[in-house]
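Worksheet: the structure to be examined is printed underneath.
The values are calculated or read from the model by the stated rules, or taken from the named source; none is laboratory data. Remember, predicted model here, so these are calculated numbers, not experimental data. Glycine also receives a Cβ, built like all others from the backbone with ideal geometry; neighbour counts cover every protein chain displayed.
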Amino acid sequence: MTREATIPPSTRTRIESAINTSRVVLFMKGTREQPQCGFSAATVGILDNLVEEYETINVLADPEIREGIKAYSDWPTVPQLYIDREFVGGCDIVREMYNAGELHECLGLEAPDRAPPRITLTDDAAEIIRSAIAEQPDMAVHLTIDAAWNHNFSLGPRSGSEIVAHDNGIDVLVDLGTAPRANGLVLSASDSFQGRSLGVDNPNMPPPVKQMSPAELAERRNAGETVNLFDVRPPDERAKASIAGAETLDEGALDRIAALPKDAVIVFFCHHGQRSQSAAERFRLRGHTNVHNLAGGIDAWSREVDRSVPRY
């Protein structure tokens, strides 16, 4: 008996229904906005580079689907990608296909631009890299920059599908997603308690989330400035206290934010500022350049600006 034959009929029906919901369907751990494992996050990052709309199925929320999809595809791990109802593979296969341009072909997209990024290595940075390579001469220098702008350097074998950037006598291998993010990057040497390491100056990184004080928010609003203010708290907290004029961060608000100019002033708030910081980071990474977190949240607003707002 094959593994597929062991799937309960109801689970099989649900899986096939899920695969039919969209041309591109990803079974993953977590959601597109909040992946719950590195492999799922990596696969989401690749798909986000290629397509705007695709369906994700959170297997952590459904044990039957989590086990059933492994049997259905005869593939032991998650994430799993389906395109046009055909199983493509897991994270490693998706990554290989992406870098080779095969995933673009599957999605009906134009062949990717494989122009090497312009990377500058200072003499000190080149010295650090040469020292590391000398200990593993068969390895090459790899650089990855993910969608959250985390820069990771590693030594590893060449796969042959990488894009090769070159400066100061050193090859730096990057994948398709990293190449445009690395263009103009400067590597230098930095000193810390752990010794010398590579420092990165990347002009492509979006500006950081700014902290806006309650007093500044009040001043801007009183001056008539357009400030798009969003409340990320759940309904039970919003019922306890609110800031006049704030919008709830719901599905409709997501569409409105997407339609705003990228330099529009956007401010997020929660109770004390931690959850809204996470929300602000997500929109920063979507290309918005004037994103703020309300420092101290609605609690600080109540204490410093409007004492009529209840504290809780």
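Details
For every residue, the table says whether it meets (1) modelled with pLDDT under 95; (2) under 19 Å from TYR98 (Cα atoms); (3) not hydroxyl-bearing (Ser, Thr, Tyr).
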{"site": "THR122", "(1), (2), (3)": "no, no, no"}
{"site": "ILE128", "(1), (2), (3)": "yes, no, yes"}
{"site": "ALA134", "(1), (2), (3)": "yes, no, yes"}
{"site": "PRO137", "(1), (2), (3)": "yes, no, yes"}
{"site": "THR144", "(1), (2), (3)": "yes, yes, no"}
{"site": "GLY160", "(1), (2), (3)": "yes, yes, yes"}
{"site": "HIS166", "(1), (2), (3)": "no, no, yes"}
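- Among the criteria (1) among the small types (Gly, Ala, Ser); (2) more than 30 Å from ASN293 (Cα to Cα); (3) in a loop (DSSP other than H, G, I, E, B); (4) at pLDDT 90 or above, the one GLY184 does not fulfil is (2).
Here is a yes/no grid of residues against (1) outside the structural domain of HIS151 (by TED's automatic domain parsing); (2) among the hydrophobic types (A, V, I, L, M, F, W, C); (3) part of a helix (DSSP H, G or I); (4) closer than 30 Å to ARG130 by Cα:
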site	(1), (2), (3), (4)
ARG196	no, no, no, yes
LEU217	yes, yes, yes, no
THR226	yes, no, no, no
ASP236	yes, no, yes, no
ALA244	yes, yes, no, no
ASP255	yes, no, yes, no
HIS271	yes, no, no, no
ASP299	yes, no, yes, no
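- Single match in ALA100, ALA134 (criterion: small (Gly, Ala, Ser), out of contact with any helix residue (DSSP H, G or I) (no Cβ under 9 Å at 6 or more places or on another chain) and surrounded by 13 or more Cβ atoms within 10 Å (Cβ to Cβ)): ALA100
- Extreme residue, nearest to GLY296 (Cα to Cα), among residues of region 208-226 that are out of contact with any Asp or Glu (no Cβ under 9 Å at 6 or more places or on another chain) and surrounded by 15 or more Cβ atoms within 10 Å (Cβ to Cβ): MET212
- Of all the numbered requirements in (1) of a type in the set (Gly, Ala, Ser); (2) in contact with a strand residue (DSSP E or B) (Cβ under 7 Å, 6 or more places away or on another chain); (3) without any contact (Cβ under 8 Å) to a residue 24 or more places away in the chain, ALA264 misses one, and that requirement is (3).
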